[in-house]
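Worksheet: the structure to be examined is printed underneath.
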Amino acid sequence: MIKLKSSEIAYQFARVLRAAMQAGRPAMGSRWDRASGELSGCLPALASAAPTSAVFFASVCQRFGIDPASADGGRPVVVWDDGSPVPFFSVLARLPWLQLRAVIRQSPATFAAYATTFCKREDEAALLGPEIFEPFDTEEAPAAPFDLAGFTPPDRLSSVIVLESPLAHGADVSGSNVVGFRREARFDPLTGRSVDLPFVSGNSIRGLWRDLLAYDLCALTGVAPAELDREVGNAIFAGGAIDAGATMGAVDVGVRRAVRDLSPAWALLGGVVHNELMEGRLLVSDAVLVCRESAWLVAPALGYQGDARDLAASLPPADACTVIRQATRKNHADIPQRDGGSTQMIFHTEALETGCRLAHYVGLRALAGVPSVVRSALRRAIDLSAQAGCLGAKNAAGFGLVRWGAYGGGSAVDALPSADEYLAHVAARRDDLRAWLTGALRPGAAQAADAPPPSTGGKRGKSKAAPAATQEAA
Amino acid sequence: MTAPSLKAALAAAAEQWAARPEAVQPVRIEAAFAAPIGGPASSPLSLEGVLQWLVLDAAASAAGYPGPFEACAAEPVDAAAEVPLPLARAVEADVAVWMVSDAEPVGAPARGAVRWVRKRADIEAVSRGATKVVINTGATKSLNMAIPATLWVGARWHALADPDRLRALLRRAGALGSQRAGGLGHVVGWRVLPGDRPDAWRLRPDGTPARRLPVAIRDDARALGAEAAVVRASAPMWLPTGRVLCALPRQGV
């Protein structure tokens, strides 16, 4: 097959897409008014799920109720080259699928607009010519493969997470009613190319562990979430926030020490509470799909000792690991609707396939290791997530059932003890924890005399800080 | 037994982490990354801060503090002068600097990226005594933030350093840049190799500064083909005090 430039691929595909959409327009009715947005939203996800260009094109046409074999007045959809009709399947056969998919991801809105824009026939050559797609020729020459020999990994723990149902984790930008799977450009040092790699963000896993530890703490101390002091509740569940009126430029050592001593989970994750921004000890990496393009990265988590190229050859490509799951929302047949209208919503979710694996790493930030009870809190979080067996979005709809592998490897100082030490700490400090969670105790309040003097007057909430500090000192 | 003071703990840390004069040699420090690094492309990727935090944190722990902020709040130290690192020091325009350059990209050119970070309050946990919970403002505001990031394949620093102690310290540096606790800046691995130019920490091959270099007057910076500004010359770079006139390395990748 002759190697085509991205702009040529984009132009040819755009022409056949336009031909199909224009042929199907009469049957769409008022849907045509929204077709551009819908098309822009569904193209990347449908491209991700399709193994070939033919399947992809068929899925796009099916979505809009177009039969490409007969949409043009009973005849197949064609494009015109020098006055001769070229059927759609001939055009698609000339276009390398992987390259076409990458081109579509560059700017689905361009293809959607091209397919649906109104244009007089005599203006087509000027307005819809191939020069529109010249910006698609942005491919970088592959860089020299990056040799990873001799690199020593930092001390960290690793795990492999196996998907027992499709996993959803929303893309940064999704269009229409198709939610794509989150991807990010990463460099594959084995090939020298940039790839869009599916991943689950480390931040989302931190959030999951924070939630689990917070709910667990509430259960262990007998405090219902609705009984939590609002500031403390926001802190343990969401990391807290710096309030207007905070006394800035000062550090209350007593509060910081007391909160960390009281809650090992807080020492682990950090956040803002009592207007003190405290850093945690936990580094949570992204969980990366185990695939051909990530072989070099996931090898340590898989315990693979050989050449990463051999591992890459044995793994599926990232693009072969996603599925599109359709869902519908319909009105209940027995419940009369207001205004007699019928409301049905169809939406699609791109998800990682059941059976895929994610490689995940965590690290602990401290030269000589963190206290044992803090590591025990991490073990508790991991145990809770393994018990819950869920990751990502839409768990209530069946997505994201996972089998969470044990975390191992790393340095001896990072070894995770059992969760018993953390649980024993919570039991021993239960009364203080209850008081803190309900707002009856502000840890470190005995050191209020050492706290920085409240600011008086001034703008933007400093006057609010003054009465709060005055009350505390009293 | 009472814990030592922070200063005493830092002095003890010097025995473990300061560069041994007999071991100092030119080195190339390289890192491979698996995720974009938080921070705009114009932000220099400095190694000093990472190393300094690790040593300072260990000293704070030895002194009985939960972390560096608490320790420095209680016992202020001149971090640039008192935190020992396995790097050699030089004096430029009467200002001491660590002999380590800023990073340069390796493997492929670095380029900009964006990481979206989301945060939502747990409504039930913040609902006590409230008839409404506001999620579009205030402490419980839901956030969807775009964090500027830079996709580095690998990075290289040049230094005069004690390689063995440097390797031991780098093993504890699992991620660099902002938002590193949530996945950005993931370091795949480090390696410390013999360097080729003894002054590579100071000047790039084109003669421009490889790091912030204190200068006496702006003309000295121009002579190096560089702009000048009053900035910190050593970590912590965010500290507003201790700024001096420096010739700046070319930023942006």
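A few comments on the model shown:
- Enumeration of residues in region B:98-110 that are touching a Phe, Trp or Tyr at 6+ places or on another chain (Cβ under 7 Å) and at the interface with chain A (Cβ under 8 Å from one of its Cβ atoms): B:107, B:108
- So residue A:98, is it buried (at least 16 other Cβ atoms within 10 Å of the Cβ) and of a type outside the set (D, E, K, R): no
- Single residue of region A:385-411 satisfying the filter (over 16 Å from the mean Cα position of the chain (by Cα) and free of Cβ contacts under 8 Å to residues at least 24 places away in the same chain) that is surrounded by the fewest Cβ atoms within 10 Å (Cβ to Cβ): A:396
- Single unsatisfied condition, residue B:229 versus (1) out of contact with any His (no Cβ under 8 Å at 6 or more places or on another chain); (2) more than 14 Å from chain A (Cβ to nearest Cβ); (3) surrounded by fewer than 19 Cβ atoms within 10 Å (Cβ to Cβ); (4) in a loop (DSSP other than H, G, I, E, B): (4)
- Residue check for residue A:299: facing chain B (nearest Cβ under 9 Å), over 21 Å from residue A:370 (Cβ atoms) and not in a strand (DSSP E or B): no
- The combined condition, being out of contact with any Gly (no Cβ under 8 Å at 6 or more places or on another chain), small (Gly, Ala, Ser) and more than 8 Å from chain B (Cβ to nearest Cβ), is fulfilled by residue A:222.
- In the set (1) buried (at least 23 other Cβ atoms within 10 Å of the Cβ); (2) in a helix (DSSP H, G or I); (3) aliphatic (A, V, I, L, M), residue A:278 fails one condition alone, (2).
- Scanning region A:333-366 for residues that are at pLDDT 90 or above and more than 14 Å from every other protein chain (Cβ to nearest Cβ), we see that the one that is nearest to residue A:410 (Cα to Cα) is A:357.
- Checked against (1) of a type outside the set (A, V, I, L, M, F, W, C); (2) surrounded by fewer than 20 Cβ atoms within 10 Å (Cβ to Cβ); (3) out of contact with any Phe, Trp or Tyr (no Cβ under 8 Å at 6 or more places or on another chain); (4) more than 30 Å from residue B:61 (Cα to Cα), residue A:180 meets all criteria but (2).
- Of all the residues in region A:183-202, those that are within 11 Å of chain B (Cβ to nearest Cβ) and crowded, with 21+ Cβ neighbours inside 10 Å number 10.
- Any hit, region B:177-193, residues being farther than 18 Å from residue B:91 by Cβ, free of Cβ contacts under 8 Å to residues at least 12 places away in the same chain, under 20 Å from the mean Cα position of the chain (by Cα) and assigned to a helix (DSSP H, G or I): yes
- The listed residue being modelled with pLDDT under 90 and within 30 Å of residue A:50 (Cα to Cα), out of A:330, A:394: A:330
- Yes/no for residue B:31 being surrounded by 23 or more Cβ atoms within 10 Å (Cβ to Cβ), within 14 Å of chain A (Cβ to nearest Cβ) and in a helix (DSSP H, G or I): no
- Some residue of region B:55-62 being closer than 22 Å to residue B:163 by Cβ and over 19 Å from the mean Cα position of the chain (by Cα): no
- Any chance residue B:41 is within 9 Å of another protein chain (Cβ to nearest Cβ) and either in a loop (DSSP other than H, G, I, E, B) or out of contact with any His (no Cβ under 8 Å at 6 or more places or on another chain) (or both): no
- Just one residue in the set B:206, B:220 is away from chain A (no Cβ under 14 Å) and either buried (at least 21 other Cβ atoms within 10 Å of the Cβ) or in a loop (DSSP other than H, G, I, E, B) (or both); that residue is B:206.
- Counted residues, region A:46-57 - those being surrounded by fewer than 18 Cβ atoms within 10 Å (Cβ to Cβ) and at pLDDT 85 or above: 3
- Scanning region A:357-379 turns up at least one residue that is of a type in the set (Lys, Arg) and part of a strand (DSSP E or B).
- Unique residue being farther than 30 Å from residue B:46 by Cα, among the hydrophobic types (A, V, I, L, M, F, W, C) and at the interface with chain A (Cβ under 7 Å from one of its Cβ atoms) when the list is B:113, B:125: B:125
- From the options A:473, A:427, A:435, A:419, residue that is modelled with pLDDT under 95 and hydrophobic (A, V, I, L, M, F, W, C): A:473
- Verdict on residue A:311 being away from chain B (no Cβ under 13 Å), in a helix (DSSP H, G or I) and not acidic (Asp, Glu): yes
- Tally, over region A:373-384, of residues that are within 13 Å of another protein chain (Cβ to nearest Cβ) and surrounded by fewer than 23 Cβ atoms within 10 Å (Cβ to Cβ): 1
- Of residues in region B:202-227 being out of contact with any Leu (no Cβ under 6 Å at 6 or more places or on another chain) and hydrophobic (A, V, I, L, M, F, W, C), the one nearest to residue B:104 (Cα to Cα): B:203
- Lone qualifier among A:245, A:254, A:249 - being of a type in the set (Gly, Ala, Ser), out of contact with any Gly (no Cβ under 8 Å at 6 or more places or on another chain), under 26 Å from residue B:241 (Cα atoms) and at pLDDT below 95: A:249
The values are calculated or read from the model by the stated rules, or taken from the named source; none is laboratory data. This one's a predicted model, so the numbers in the text were calculated from it and none came from an experiment. Using ideal geometry, Cβ is built from the backbone for each residue, glycine included, and neighbour counts are taken over all protein chains shown.
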